[in-house]
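Asker: Before I ask anything, here is the structure I am working with.
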Amino acid sequence: MPVYALGEKRPVIDPTAFVHPDAVLIGDVTVGPESSVWPTAVLRGDHGAIRIGAQTSVQDGTIVHCTRLLDTRIGDRCVIGHNVHLEGCTIEDDCLIGSGAVVLHRVVVHRHGLVGAQAMVTNDTEVPSFAMALGVPAKIKPDMVAVGDFDDAVKTYVHNAHWYNADLRRID
């Protein structure tokens, strides 16, 4: 897998995590226990840091970046869907970010929050716990998420991380 140091900044990947060989990690990136980073995801921690907690999936085609002033933090047990763009934001524990969503600077998605597929969450927005952010620009829909709504997706990707670590092999 392409894992690059940038000067003194180098990725740190927990040994129980799975990072697909076609994902790219650059610089100050941390991937926590039993987390997974899938094909064509790019995590570029050049000017700041990217922190991914435990049992979190960063799915195919996702871009995670940061700025000189804004790190990007993704908590534990999060599901980051396909083709998501995260930059300079905080995703707390137990959140789901739907496929194709864009989450920008200083956004905080609080615990058990959901950002809908294709939503655009603009700078400085807070998505409260148990709320959904839907649309372009995203509008907040409070009290739409229940504890455990994302558990099956988290379990699937934790299982897949172990499975792929054990059995993935290139055959050409």
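Asker: Which condition number does N160 fail, the rest of (1) in a loop (DSSP other than H, G, I, E, B); (2) closer than 17 Å to V31 by Cβ being met?
Answerer: Result: N160 passes all but (1).
Asker: For the stretch 137-172, name all the residues that are of a type in the set (D, E, K, R), touching a strand residue (DSSP E or B) at 6+ places or on another chain (Cβ under 8 Å) and more than 20 Å from C78 (Cβ to Cβ).
Answerer: Listed by number, the list holds a single entry, K139.
Asker: Mind checking which residues of the stretch 115-135 are in a strand (DSSP E or B) and farther than 18 Å from I52 by Cβ?
Answerer: Those that are in a strand (DSSP E or B) and farther than 18 Å from I52 by Cβ: M120, V121, E126, V127, M132, A133, L134.
Asker: So, in the stretch 108-124, how many residues would count as being over 14 Å from the mean Cα position of the chain (by Cα), of a type in the set (V, I, T) and buried (at least 17 other Cβ atoms within 10 Å of the Cβ)?
Answerer: 1
Asker: Of the residues L86, L70, which single one is in a strand (DSSP E or B), at pLDDT 95 or above and either crowded, with 16+ Cβ neighbours inside 10 Å or not aliphatic (A, V, I, L, M) (or both)?
Answerer: L86
Asker: Restricting attention to the stretch 125-172, which residues are in contact with a Ser or Thr (Cβ under 6 Å, 6 or more places away or on another chain) and either loosely packed, with under 15 Cβ neighbours inside 10 Å or polar (S, T, N, Q) (or both)?
Answerer: The answer is P137, and nothing else.
Asker: Within the stretch 24-41, work out how many residues are assigned to a loop (DSSP other than H, G, I, E, B) and either free of Cβ contacts under 8 Å to residues at least 24 places away in the same chain or within 12 Å of the chain's Cα centre (by Cα) (or both).
Answerer: Result for the stretch 24-41: 7.
The values are calculated or read from the model by the stated rules, or taken from the named source; none is laboratory data. The structure presented is a predicted model; accordingly, all values stated were derived computationally and were not measured. Counting neighbours? That spans all protein chains shown, and the Cβs are built from the backbone with ideal geometry, glycine included.
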